Amino acid sequence: MSDTGTRRPRGIATVCLSGTIEDKLDAAARAGFDGVEIFEDDLIATSWAPERIRQRCADLGLNIDLYQPFRDFEAAPPRRLAANLRRAEHKFDLMERLGVVTMLVCSSVAPDTIDDDDLAAAQLRQLAEHAARRGLRVAYEALAWGRHVNTYTRSADIVARADHPALGLCLDSFHILSRGSDPGDIADIPGDKLFFLQLADAPRPRMDLLQWSRHHRLFPGQGDFDLSGFLRRVLAAGYQGPLSLEVFNDVFRQAEPHRAAIDAMRSLLTLEESIGAPLPEAPAPSEVAFTSLTPGENCRPELAQTLAAMGFALTGRHRRQPVELWEQGTMRVLLDDGSDDPHDRISGLAVETTDPAAAARRAEALLAPVSSPEATAAAPLSVRAPDGSRVIFCDADWRRDFHLTAPAPPSRTHLLGVDHIALTQPFDHFDAATLFYHSILGLNTEDDGEYAAPFGLVRSRALSDPRHRVRIALSVALLRRGAEWSPGVPAPQHIAFATDDIFAAAEAMRANAVPLLSIPDNYYDDLGARLAPPQLDRLRAHHVLYDRDRRGEFLHLYTAVHGNRVFFEVVQRIGDYSGYGTANAPVRMAAHRRYRLSRTPGPGSPGSAR
């Protein structure tokens, strides 16, 4: 309410809600909101054109109040300013199609941002001039963690220096109050410069040393401390007592105690080894020998059909187990029918080693019991990972356990080998899995982060051997919901195959009717503005996703989900790119959801991949 009692319009940002933009708009309207802020990631991930979003909002009685965020613009070095303005013109085109007048520009966090308020004001004035030509305007917001501009008073001063009618402020209660800034100074800002207001409450974080200690400790090897160096110094000082773990962690204290104790001991054994204590040595795995898939109910024909369409051929059957061997070039996939699990899953990962017995001895010493020969489909030695899948140790001659009926065909779809295996972990197994693969296989963390997915925040972590011959990508949803509003694929898993020509691979697989995901035009419109890859038209035509960093490029595409959770990815690495295209994961998830909904139409049908 205003002082006069007039009700102001009520809005909500799409980022506040779960689901894809279609779900979010419906939910906002049903709750009685008057308008929405369109968060860019929601638009990029949808197959709806901006005009359709505009019309849907109109049908629902929603105004589009703001398009956000536009990042890292102001105080840029001269070489980046032209690219920033080109990117802005694309966003202005998009805003006109959406029918939204105001764009949020948040203060830059880019490392090369120049600490010069006059430069920031001049560049923001230039941006505002571009916006004004179209009847648009720019709301500048100080992020609490901005590189240089992180208070609203400084952002207000920059806007005043710029002195352009199409440039004003966005005030966000969190960014102001979280820093302890005095909101009293808002009174000094001219009212016509207050373009937008965002409201949020939050608990005062008590992440002081006491809270950090009591809730967020980890076992050795799961965090970032240099415990090896610390322990060496303590022992060098003459300490003679026990090495005792004292870990306060909310997740660990809810986990099954026997499993948590095993993880704790494994961490301590690994720490001791790092300072010279003996553990059985084992040669590093040389490559992924095969991946074992357990088909779920009613999805085996679909999995087999997709493998065949991707160029794999059935080349043998296990001599004692109901397991098929599918091959293409040097790539091997097993279809294991020996499980009664109703869900399809990656049930095993086999790594080739020159001494499987030594690998098994090391695993046993690290408290990972080795299975009996009968417990695995194709190898005599395996251990169970924290998520229940098996890690199998085998030598180069493991195919002797199969009755071979045909030679492995050469690659017919331009696939070269296995790039990585991606496994979603149970929430309380994520850190344990990291330690498991590090201590037993010698894999090291090379990529760790979080991203906002259509159905919540996801944490990701990739591990690899030094030669990048064995890569495992782990992910976990930080919060799970109940069954009423949940993805149709609660724990997705996939095998990523490498190629040196992803466009040829895409053409070959489409010719064979492989069900590849369709990626919306909005993604490529944004990609062109953001990174402007020279092959943008080919990426769009073949529905290939793209990422790059200073070391190289990453091109990748996905199949549909087969059954409950398994799908395939094809990736092409150019240069020394070592990431996994994580920024594109939300787009892939939304595409999987659309595909599943198209296969199971009707209200209330299940339908999304995590």
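The values are calculated or read from the model by the stated rules, or taken from the named source; none is laboratory data. Keep in mind that this is a model prediction, so the values were computed, not measured. Heads up, the Cβs are rebuilt from the backbone with ideal geometry, glycines too, and the neighbour counts pull from every protein chain shown. Surface accessibility is based on the protein's heavy atoms, side chains included, excluding ligands, DNA and RNA. Shrake-Rupley method; radii C 1.70, N 1.55, O 1.52, S 1.80 Å.
The figures follow:
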read-out: Apportionment of accessible area to carbon and sulfur, the chain, percent (1.4 Å); value: 52 percent
read-out: Whole-angstrom gap from the stretch 131-194 to the stretch 63-109, using each part's C-alpha centre; value: 15 Å
read-out: Loop sites in the stretch 74-155: trypsin sites (Lys or Arg not before Pro), DSSP, at most 15 other Cβ within 10 Å; value: Arg133, Arg134
read-out: Per-residue ³J(HN,Hα) for the stretch 75-84, Karplus 6.51 cos²θ - 1.76 cosθ + 1.60, θ = phi - 60°, Hz, x for Gly and Pro; value: 6, 8, x, x, 5, 9, 4, 4, 5, 5
read-out: Kirkwood Rh in Å, taken over all unlike Cα pairs in the stretch 61-188; value: 14.7 Å
read-out: Loop sites in the stretch 397-439: trypsin sites (Lys or Arg not before Pro), DSSP, at most 12 other Cβ within 10 Å; value: none
read-out: Per residue solvent-accessible surface (Å²) - the chain, probe of 1.4 Å; value: 45 Å²
read-out: Amide H within-cut-off set for Phe290, under 5 Å, with H built and near neighbours excluded; value: Ala350
read-out: Nearest 10 degrees, 0 to 90: helix 152-162 Cα axis against the chain principal axis; value: 60 degrees
read-out: DSSP beta bridge pairing in the chain, given as percent antiparallel to the nearest 5; value: 60 percent
read-out: Charge dipole (debye, nearest 20) of the chain; +1 at Cβ of Lys and Arg, -1 at Cβ of Asp and Glu; value: 720 debye
read-out: Distant-in-sequence amide H partners of Gly456 (H built 1.01 Å from N, under 5 Å); value: Gly19
read-out: Karplus 3J(HN,Hα) series, Hz, for the stretch 299-311 with 6.51 cos²θ - 1.76 cosθ + 1.60 (x for Gly, Pro); value: 10, 4, x, 5, 4, 4, 5, 5, 4, 5, 5, 7, x
read-out: Simple Cβ-charge dipole of the stretch 512-584, Lys/Arg +1 and Asp/Glu -1, about Cα centre, in debye nearest 20; value: 160 debye
read-out: From phi via Karplus (6.51, -1.76, 1.60), per-residue ³J(HN,Hα) for the stretch 573-581 in Hz, x at Gly/Pro; value: 9, 10, x, 9, 4, 10, x, 9, x
read-out: Low-density loop cleavage sites - GluC sites (Glu not before Pro) in the stretch 274-341, where at most 16 other Cβ are within 10 Å (DSSP); value: Glu281, Glu297
read-out: Where only C-alpha atoms are counted, convex hull volume of the stretch 426-473 per residue in Å³; value: 75 Å³
read-out: Alpha carbon centroid spacing (whole Å) that separates the stretch 532-603 from the stretch 1-62; value: 27 Å
